[in-house]
Amino acid sequence: MIGVFDSGYGGLTILRQFQSLLPGYDWLYLGDNARAPYGTRSFDIVYDFTRQAVDHLFREGCPLVILACNTASAKALRTIQQEVLPRHWPDRRVLGVIRPTVESVGSITKSRHVGLLATPGTVNSHSYQMEMAKLDPDITITEVACPMWVPIIENGEADGDGADWFVRKYIDRIMEADPLIDTILLGCTHYPLLLPKIRKYVPDHVRIVPQGEIVANSLADYLRRHPEIDSRCRKNGRVWFHTTENPEKFDTLAEMFLNEPVNAKKIIL
């Protein structure tokens, strides 16, 4: 199985794109829902939680794990890749969602001014700015944290009238910070569920970029370039779900993200 990890439910939007592009593969999704959200937690806590999740997925037999969580990718990925894998899991790999997203931006923006809407944890890490400085230093990134968006989504209010005020608030803030922005990255995997409202308040000339399709294409390319990993991935077209929360609660909310029934197993990290 290919492991897909998120602190909560947002990574299901990435999983959905993986299944669409790579339908023959087996997947194991793990949501650390009991300890979510990660967005406001410290670097050390996010690293510890992410390390526990990655270890669990490896013990379940996953040769490859995708951190389908921007906060985990920002705060834990590099340390896991550089320190944990060589010592403890030398034959396994962990990938994130920030690098492939940044790699796609250069071909999208014309003004070279890009906005990032994300959790406080991702914004405070400045991971997008650092990756962009390496790849396209001429692109300016303006970051705005949206601390209310994930709670709105996970409480089933994404379609409610009350969400409009918070969506408009952060979009107005980022456009006021840099009126030259022509591309906005949704730097949290939950945010696609707010797309109808985001489109409502973003200026017509600004392109909105969710991560799902970008990350899925990047994974497909990675598997093509690494046949030694691809050959170890089971291909029966099946998917399993693990959660640290009540599985019935997970099933109900996950169905909202995937539009299909889910049957999760509770695990302890």
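Using unit Cβ charges (K, R positive; D, E negative) and no other charged atoms, how large, in debye to the nearest 20, is the dipole of the stretch 149-211 about its Cα centre?
Dipole magnitude for the stretch 149-211 comes out near 100 debye.
At a threshold of 8 angstrom on Cα-Cα distance, excluding pairs fewer than six apart, so keeping six or more, what relative contact order does the chain reach in percent? Spell out each step's value before the answer.
On the way: 479 pairs, mean separation 73.9, N = 269.
Once divided by the residue count of the chain, the mean separation gives 27 percent.
Between rounded, prolate and oblate, where does the stretch 58-113 land on the alpha carbon gyration tensor, with a ≥ b ≥ c its root eigenvalues, rounded for a/c under 1.5, else prolate if a/b exceeds b/c?
Prolate is the answer for the stretch 58-113, as a/c is 1.5 or above and a/b outweighs b/c.
Quick one: if the Förster radius is 51 Å, what FRET efficiency do THR252 and ARG224 give, using the C-beta to C-beta distance and rounding to 0.05?
0.90
Simple spin-label model, 7 Å along Cα-to-Cβ: THR79 to LYS266 in nm?
Between THR79 and LYS266, the simple spin-label model gives 2.9 nm.
To the nearest 10 square angstrom, what accessible area does GLU143 show with a 1.4 Å probe?
30 Å²
Which value at 222 nm does the chain reach when only helices count, each DSSP H run of 4 or more adding -39,500 (n - 2.57), with the total divided by all residues and rounded to the nearest 500 deg cm²/dmol?
The per-residue figure over the chain is -13000 deg cm²/dmol.
Order the following by accessible area, largest value first: LYS134, LYS75. Probe radius 1.4 Å; ligands, DNA and RNA are ignored. Working shown, then result.
Numbers: LYS134 120, LYS75 25 Å².
Sorted by accessible area, descending: LYS134, LYS75.
Need one value: the accessible area of LYS200 in square angstrom, 1.4 angstrom probe, rounded to the nearest 10.
That residue has around 130 Å² of solvent-accessible surface.
What per residue convex hull volume, in Å³, do the alpha-carbon atoms of the chain yield? Walk me through the numbers before you get to the answer.
Details: hull volume 31.5 nm³, N = 269.
In the chain, the Cα convex hull volume per residue is 117 Å³.
Go through LYS169, LYS235 and list them by solvent-accessible area, largest first, probe radius 1.4 Å.
So the residues, ranked largest to smallest area, are LYS235, LYS169.
Report the accessible area of GLU255, computed with a 1.4 Å probe over the heavy atoms of all protein chains in place, in Å² rounded to the nearest 10.
90 Å²
In cubic angstrom, how much convex hull volume per residue do the alpha carbon atoms of the stretch 216-269 span?
That works out to 122 Å³ per residue.
Cα atoms only, the stretch 1-141: Rg and Dmax in Å?
Just the Cα atoms of the stretch 1-141 yield Rg and Dmax of 15.2, 46 Å.
Find the lysine pairs in the chain meeting two conditions, Cα atoms under 27 Å apart and a separation of 8 or more places or different chains, and report how many there are.
15
Suppose accessible area is computed on protein heavy atoms with a 1.4 Å probe; arrange THR79, THR71, THR40 from highest to lowest. Walk me through the intermediate numbers first.
Numbers: THR79 50, THR71 5, THR40 110 Å².
Order by accessible area, largest first: THR40, THR79, THR71.
Under the rule a/c < 1.5 gives rounded, and otherwise a/b versus b/c splits prolate from oblate, where does the stretch 188-244 land using the Cα gyration tensor?
Verdict is oblate for the stretch 188-244.
Convert 25 °C to kelvin, take the viscosity as 0.890 mPa s, use the Kirkwood radius over C-alpha pairs of the stretch 127-269 as Rh, and evaluate the Stokes-Einstein diffusion coefficient in µm²/s, rounded to a whole number.
Result for D is 136 µm²/s.
The values are calculated or read from the model by the stated rules, or taken from the named source; none is laboratory data. Everything quoted here is computed from the prediction, not taken from an experiment. All Cβ positions, glycine included, derive from the backbone under ideal geometry; neighbour counts span all protein chains shown. The area values use the complete protein model at the heavy-atom level, side chains included, leaving out ligands, DNA and RNA. Shrake-Rupley method; radii C 1.70, N 1.55, O 1.52, S 1.80 Å.
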